[in-house]
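The values are calculated or read from the model by the stated rules, or taken from the named source; none is laboratory data. The model shown is predicted, which means the values in this text are computed figures rather than measured ones. Neighbour counts run over all protein chains shown; Cβ positions are idealised from the backbone, glycine included. The protein model used for the area step is the full one, side chains on, heavy atoms only, and it has no ligands, DNA or RNA in it. Shrake-Rupley method; radii C 1.70, N 1.55, O 1.52, S 1.80 Å.
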Amino acid sequence: MTIRIIPQDRLEKDKSNVAEGIPPLLFPQLKHLYSRRAARLRQLAEKNPLGDYLRFAAVIATAQEIVLYDHPLQLDLQARLEESARLGKPPLDIATLPRDAHWQRMLHSLIAELKPEMSGPALSVLENLEKASASELEQMAAALLAHDFAQVSSDKAPFIWAALSIYWAQMASLIPGKARAEAGEQRQFCPVCASVPVASVIHMGSHKDGLRYLHCNLCESEWHVVRAKCSNCEQTRDLHYWSLDSETAAIKAESCGDCGTYLKMLYQEKDPAVEPVADDLASLILDARMEQEGFARSSLNPFLFPGE
């Protein structure tokens, strides 16, 4: 099964095909997203060997929240949604969506917010980005969105991605449509923007109790994928679950012997405070274990790029 987003007026005319029971797609709720992420990063930093970097990420998340409210996006996406529904493509596809200057304005606002908080090499990186031309910034953004990480230094990538993420998350929250599940492929990619997940979350409460949703590392949307299949290749034959603590751990890695990849799974019932970006970043020791076992990540954390 895949997930398609359809315009609201078409949804009302064709209610027979709407998936019932399980919400296939959850658009981002931006009101507390970045403040909650920053708080979780600071909490996890207290007893983590990567504490300094988690606090660094928390500073960026806090700046993202400020910039989000200082630069609201007003955009009519109806035509884009109609066209994407006709083509069967994600409406905010990172490979085809034209970017306007809004994301660069947010990047420069992020830099302004972050410079007083940074020193040393991080401050130098911000100053270099501040001096970069619009075309240079576009080239770096295009490389990151194409996963051509060798073209962008790993110290610049988190700042550029932070601005791109606010831009895409704002657009995702403005989509005037609903989603339905139907036959198709490529469930490993976000149905809103076609980016990859950062991790998956096993929700608790209300109509999502026990369901797995993959959390997009770019637009912050979440989409449903059943727990009995590999989230990357959808095979079911050779799935295994790994943790560093016990079988009741709040964070596990699901590995697939068919495609050789793994994805983190965060269980809200074990720890209601889990947050996809923060908890994935704070559990890099589990990534090291999975790499030792010969598995590769199928996900990407916005604060952890492969780099040059």
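May I ask you to give the average projected area over all directions of the convex hull of the Cα atoms of the stretch 56-116, in nm² rounded to one decimal?
Quarter of the Cα hull surface area: 5.3 nm².
Of the residues G177, Y262, T248, the one whose Cα sits farthest towards the positive end of the charge dipole of the stretch 159-308 is G177 (charges of +1 on Lys and Arg Cβ, -1 on Asp and Glu Cβ, taken about the Cα centre). Taken over the stretch 73-157, the convex hull of the Cα atoms encloses 101 Å³ per residue. Counting only lysines at least 8 places from K31 when in the same chain, those with an alpha carbon closer than 21 Å to its own are K178, K208.
Per residue, the chain exposes an accessible area of 46 Å² to a 1.4 Å probe, with every protein chain left in place. Label reach from E136 (point 7 Å along Cα→C-beta): in the stretch 82-117, no amide nitrogen lies under 12 Å. Just so you know, the Cα atoms of the stretch 6-165 work out to an Rg and Dmax of 18.7, 59 Å. The listed peptides 216-228, 187-199, 109-121, 39-51, ordered by packing as a protection proxy, come out as 187-199, 216-228, 39-51, 109-121 (highest mean of other Cβ atoms within 10 Å first). Here r is the Cβ-Cβ distance between A296 and T96 and R0 is 25 Å; the resulting FRET efficiency, rounded to 0.05, is 0.40.
Relative intensity of the chain on a log10 scale, I(q)/I(0) at q = 0.09, 0.12, 0.15 Å⁻¹, equals -0.44, -0.81, -1.28, per a Debye sum over C-alpha point scatterers of equal strength in the absence of solvent. The E83 and I285 beta-carbon pair, evaluated with R₀ = 30 Å, returns a calculated FRET efficiency of approximately 0.10.
Computed over all pairs of different Cα atoms, the Kirkwood value for the hydrodynamic radius of the stretch 219-272 is 12.0 Å. Of the solvent-accessible surface of the stretch 180-308, computed with a 1.4 Å probe over protein heavy atoms with every protein chain present, carbon and sulfur atoms account for 47 percent. By the helix-only formula, in which each DSSP H run with n ≥ 4 contributes -39500 (n - 2.57) and the sum is divided by residues, the chain has a 222 nm mean residue ellipticity of -12000 deg cm²/dmol. Note on the stretch 82-133: with charges restricted to the Cβ of Lys and Arg (+1) and Asp and Glu (-1), its dipole about the Cα centre is near 100 debye.
Only Lys, Arg, Asp and Glu carry charge here, each on its Cβ (+1 for the first two, -1 for the last two); on that basis the chain has a dipole of about 540 debye about its Cα centre.
Hey, got the dipole for the stretch 35-159? About the Cα centre, +1 on K and R Cβ, -1 on D and E Cβ, debye to the nearest 20?
Computed about the Cα centre, the dipole is about 420 debye.
For the chain, the residue among S153, C216, P49 whose Cα projects farthest onto the positive side of the dipole built from Cβ charges is C216.
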